[in-house]
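The values are calculated or read from the model by the stated rules, or taken from the named source; none is laboratory data. Because the structure is predicted, anything quoted here is derived from the model rather than measured. Accessible surface is based on the protein model in full, side chains and every heavy atom, while ligands, DNA and RNA are left aside. Shrake-Rupley method; radii C 1.70, N 1.55, O 1.52, S 1.80 Å.
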Amino acid sequence: MMAEEHTDLEAQIVKDIHCKEIDLVNRDPKNINEDIVKVDFEDVIAEPVGTYSFDGVWKVSYTTFTVSKYWCYRLLSTLLGVPLALLWGFLFACISFCHIWAVVPCIKSYLIEIQCISHIYSLCIRTFCNPLFAALGQVCSNIKVMLRKEV
């Protein structure tokens, strides 16, 4: 009985990882489109003082803009949403695959290989440059600068 409960728990955990609940109310929880595509009528069309159209035209324009934007978005998302989601899912899967299986191993390999060169470089610096700069420091340490203001 205990083994069956453990197996069911593992299956539930795996299911939760791949099938998380989505929020149908707040569809942008990380606010990635807060300022980018949030466009209202007032953001696009504005009449300055002294150049007003008829009130009826303004109201109909507002309604036309809002409703056409709403339904055009819905139509496009209905027609293209799933194919584009498939495309973007494939693209990000390829990017993840390349990063996991190519980029990170190459970087790790480079770091391992460069470590040997860095030891040799460090040895050369300590052997040749440190004594040279120490000697230059000793020579320059006796230099005194005096600033005089002549009138």
Nearest 10, in degrees from 0 to 90: the angle of helix 104-124 to the longest Cα principal axis of the chain is 20
Cα centroid separation - segment 70-111 against segment 131-150, whole Å: 61
On a 0 to 90° scale, report how tilted helix 130-141 is relative to the longest principal axis of the chain, with both axes built from alpha carbons and the result rounded to the nearest 10. 70
Mind sorting out which of [x] -0.31, -0.37, -0.52, -1.41; [y] -0.39, -0.47, -0.68, -1.61; [z] -0.80, -0.85, -1.00, -1.35 is the real log10 I(q)/I(0) by the Debye sum over Cα atoms at q = 0.10, 0.11, 0.13, 0.21 Å⁻¹ computed from the coordinates? [z]
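Arrange the residues Arg148, Arg126 by how much accessible surface each exposes, largest first, with a 1.4 angstrom probe.
Arg148, Arg126
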Which order do Asp40, Asp28 take by accessible area at a 1.4 Å probe, largest first? Asp40, Asp28
Quick one: pull the percent of accessible area on segment 76-133 belonging to carbon and sulfur, 1.4 Å probe, ligands and nucleic acids left out. 82
Provide the gained length on full extension for the span Ser122 to Trp71, in nm with one decimal, where the gain is 0.36 nm per separating residue minus the Cα-Cα distance. 11.7 nm
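Could you sort Trp101, Trp71 by accessible area so the largest value comes first, with the probe set to 1.4 Å?
Trp101, Trp71
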